[in-house]
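**Student:** One structure follows; several queries about it will come next.
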Protein chains: 2
Amino acid sequence: MKEKLTIIKVGGKIVEEEETLHRLLADFSAIGGHKLLVHGGGRSATRLAARLGIESKMVNGRRITDAETLQVVTMVYGGLVNKNIVAGLQARGVNAIGLTGADMDVIRSVKRPVREVDYGFVGDVEKVNADFLATLIRGGMVPVMAPLTHDGQGSMLNTNADTIAGETAKALAPLFDVTLVYCFEKKGVLLDENDDDSVIPVITPQDFKNYVEQGVVQGGMIPKLENSFSAIDAGVTQVIITQASAIGGEGGTIIRK
Amino acid sequence: MKEKLTIIKVGGKIVEEEETLHRLLADFSAIGGHKLLVHGGGRSATRLAARLGIESKMVNGRRITDAETLQVVTMVYGGLVNKNIVAGLQARGVNAIGLTGADMDVIRSVKRPVREVDYGFVGDVEKVNADFLATLIRGGMVPVMAPLTHDGQGSMLNTNADTIAGETAKALAPLFDVTLVYCFEKKGVLLDENDDDSVIPVITPQDFKNYVEQGVVQGGMIPKLENSFSAIDAGVTQVIITQASAIGGEGGTIIRK
């Protein structure tokens, strides 16, 4: 019988505002058993870049990461946002340890090949070092992972936080009974985007296909759900899509086979 | 018989220039046995602060750390400088893990009380969690420590890198046979400041007293030597003051009882 592990992914918006961050830290601290947090930080990166006169270029919702932008995200994700969360969790008795993919070689990635778009210093995950993470987790530590990886050749790489969460969940699935929670602005995947209470309680692969055909599920939710099914296929017990304020509670959309 | 541990402290100047950083990474990688690196980053912090229009105020060589400056140093020390070093060491086969004092509660400090000067968010080290560090080190990890601590109440604190190195060496002295190496610009403590080859090979407490009286040792070297003797008194085997380019080689000034 594997021990339970809850992996929570929260976006930049939640960790960057004092009030929502405090709520998140309290809710996350209250989760029992093993846990791991993956955070974003895009808004702070955009803000710092703007103050430094560096233009933030996005293509398909992804940041084009030139050399200067890589420095900005390394500072913001790996430094400012990560350490604020770690210090905040420590204050609440959670033995947090901040990690990027470079630390202990936890996540190695390859620089995304240039096809139609040159994303610059963006990494596609190659390998998650599950054994090291498991040792930390079993030792009572709570990893707090920034959306940064490394290429094994000395360069950091900017990596999507949803992907970090999904790949980490998959890698840890053989070792733990993993629940992966993707937090976003809504209570769950909505049947009617204008009705915040129209949360779809469960989505199976067949439901997903139907919802996409009907246009119920569209935009950024499609890759999020594809990530979720990929995690389930790799042995993750369940994936939940919900609001950060619902962490540890009921509700949200459960993704399952 | 305790295992050997080498703790190297390097200043900002060395880790901030591409060329000296590469040399340091190569030299540090070549050191055999257990090791730990403590780095500064003050010049980068000053540079980023200037670009953001934040004035860097120094008193007695120490940075006055207001709330905005704390954000800058958390980004620069904990993010940019730390992760560049970690990724660089990983590329050389060293299993580095970047840490601030908040991570795993490794170094807890208290905000410096306001006396003549209000240093702001500056921490005086209260407790180093030697057991956690020892577990990592014995597990083959190489801690790379940024000059940041936390107060246990959710706030990061800016902390002098020499102090981090000294306090970490002291805390680990009961568990390892510790050599602490302070790297600075010169080959060692000089008898004649105008002659770079006039390195004093050994300084005992009595020598120190004499050199201070004679004015041979002055300025920033005095607290560095005081830190060194304090480390020796706490059980650190030896302290060496030398150039980064001499790491792992001969030379420098040895501080001993």
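**Student:** Using a label position 7 Å from Cα in the Cα→Cβ direction, what is the ascending list of nm distances from A:ARG62 to the same site in the other copies?
**Tutor:** Counterpart label points of A:ARG62 in the remaining copies fall at 4.7 nm.
**Student:** Output the peptides A:224-232, A:165-173 sorted from most to least packed, where packing is the average of other Cβ atoms within 10 Å over each peptide's residues.
**Tutor:** A:165-173, A:224-232
**Student:** Further, regarding this structure: Would you pull out the residues with amide H under 5 Å of A:GLU126's amide H, same chain only if 5 or more places away, H placed 1.01 Å from N?
**Tutor:** For A:GLU126, the qualifying residues are A:ARG108, A:SER109, A:VAL110.
**Student:** If the label for B:THR20 sits 7 angstrom from Cα along the Cα-to-Cβ line, what are its distances to the same label in every other copy, in nm to one decimal, shortest first?
**Tutor:** 4.2
**Student:** So what J values fall out for the stretch A:106-114 if you push phi through Karplus, 6.51 cos²θ - 1.76 cosθ + 1.60 with θ = phi - 60°, rounded to Hz, Gly and Pro as x?
**Tutor:** Result, ordered by residue: 5, 9, 9, 9, 10, 4, 4, x, 7 Hz.
**Student:** Could I ask something else about it? Would you kindly derive the ³J(HN,Hα) couplings of the stretch A:157-170 from the backbone phi angles with the Karplus curve 6.51 cos²θ - 1.76 cosθ + 1.60 (θ = phi - 60°), listing them in order in whole Hz, with x for Gly and Pro?
**Tutor:** 3J(HN,Hα) across the stretch A:157-170, in whole Hz: 9, 6, 9, 3, 5, 4, 5, 4, 4, x, 5, 5, 4, 4.
**Student:** Strictly over 21 Å apart at the Cα level, which of A:LYS13/A:LYS186; A:LYS127/B:LYS83; B:LYS13/B:LYS186; A:LYS186/A:LYS224; B:LYS83/B:LYS111; A:LYS83/B:LYS224 would you flag in this model?
**Tutor:** Listed pairs above 21 Å: B:LYS83/B:LYS111; A:LYS83/B:LYS224.
**Student:** Divide by every residue of chain B the summed helix terms, -39500 (n - 2.57) for each DSSP H run of at least 4, and state the resulting mean residue ellipticity at 222 nm, rounded to the nearest 500 deg cm²/dmol.
**Tutor:** Values: 9 runs with 89 residues, N = 257.
Rounded to the nearest 500, it is -10000 deg cm²/dmol.
**Student:** Here's something else I'd like to know. Can you give the log10 of the normalised intensity I(q)/I(0) at q = 0.11, 0.16, 0.17, 0.19 Å⁻¹, computed with Debye over equal Cα scatterers of the stretch A:163-257?
**Tutor:** Here log10 of I(q) over I(0) equals -0.29, -0.61, -0.69, -0.85.
**Student:** At B:ALA50, label 7 Å along Cα→Cβ: distances to the other copies, nm, ascending?
**Tutor:** When each copy's label point is compared with this one, the spacings are 2.6 nm.
**Student:** Further question: What net charge do the residues around B:PRO174 carry, taking every other residue with its C-beta under 12 Å from that of B:PRO174, with Lys and Arg at +1 and Asp and Glu at -1?
**Tutor:** Net charge around B:PRO174: 0.
**Student:** Whole Å is fine, so just give me how far the alpha carbon centre of the stretch B:5-44 lies from that of the stretch A:73-113.
**Tutor:** 21 Å
**Student:** Then there is this: For the rotation taking chain A to chain B, which residue of A has the Cβ nearest the axis, and how many Å away is it?
**Tutor:** Taking the axis that maps A onto B, the answer comes out as A:GLY79, 1.
**Student:** Could you check how much of the accessible area of chain A is carbon and sulfur, as a whole percent, using a 1.4 Å probe?
**Tutor:** Numbers: 5220 of 10790 Å².
Roughly 48 percent, rounded to a whole number.
**Student:** What do you get for Rg/Rh of the protein assembly as shown when both radii come from the Cα atoms and Rh is the Kirkwood radius? Numbers along the way, then the final one.
**Tutor:** On the way: Rg = 24.1 Å, Rh = 23.9 Å.
Rounded to two decimals, Rg over Rh is 1.01.
**Student:** Provide the net charge surrounding A:PRO205, with neighbours chosen by a C-beta distance below 11 Å and charges set as Lys +1, Arg +1, Asp -1, Glu -1.
**Tutor:** 0
**Student:** While we're here: Work out the FRET efficiency for A:GLU116 and A:SER56 from their Cβ-Cβ distance, taking R0 = 35 Å, and round it to the nearest 0.05. Spell out each step's value before the answer.
**Tutor:** On the way: r = 20 Å, r/R0 = 0.56.
Here the calculated transfer efficiency is 0.95.
**Student:** Through the Karplus equation 6.51 cos²θ - 1.76 cosθ + 1.60, θ set to phi - 60°, convert the phi angles of the stretch B:63-75 into ³J(HN,Hα) values in whole Hz; use x for Gly and Pro.
**Tutor:** 3J(HN,Hα) across the stretch B:63-75, in whole Hz: 7, 6, 10, 7, 4, 5, 5, 4, 4, 4, 5, 5, 5.
**Student:** Can you give the Rg to Rh ratio for the stretch A:27-148, taking only C-alpha atoms and Rh from Kirkwood? Before the final figure, lay out each step's value.
**Tutor:** Values: Rg = 15.7 Å, Rh = 15.6 Å.
Checking Rg against Rh, the ratio lands at 1.01.
**Student:** What does the buried accessible surface come to for B and A, summed over both chains, with the probe at 1.4 Å? Round to 100 Å².
**Tutor:** That pair hides around 2900 Å² of surface in total.
**Student:** What number comes out for the charge environment of B:LYS186, summing +1 per Lys or Arg and -1 per Asp or Glu over other residues with Cβ under 14 Å away?
**Tutor:** Residues close to B:LYS186 contribute a combined charge of -3.
**Student:** Next up: Mind checking the per residue accessible area of the stretch A:126-257 for me, 1.4 Å probe, whole number of Å²?
**Tutor:** Result: 42 Å² per residue.
The values are calculated or read from the model by the stated rules, or taken from the named source; none is laboratory data. Fair warning: this is a prediction, and the values are worked out from it, not measured in the lab. Using ideal geometry, Cβ is built from the backbone for each residue, glycine included, and neighbour counts are taken over all protein chains shown. These area figures cover heavy atoms from the full protein model, side chains too; ligands, DNA and RNA do not enter into them. Shrake-Rupley method; radii C 1.70, N 1.55, O 1.52, S 1.80 Å.
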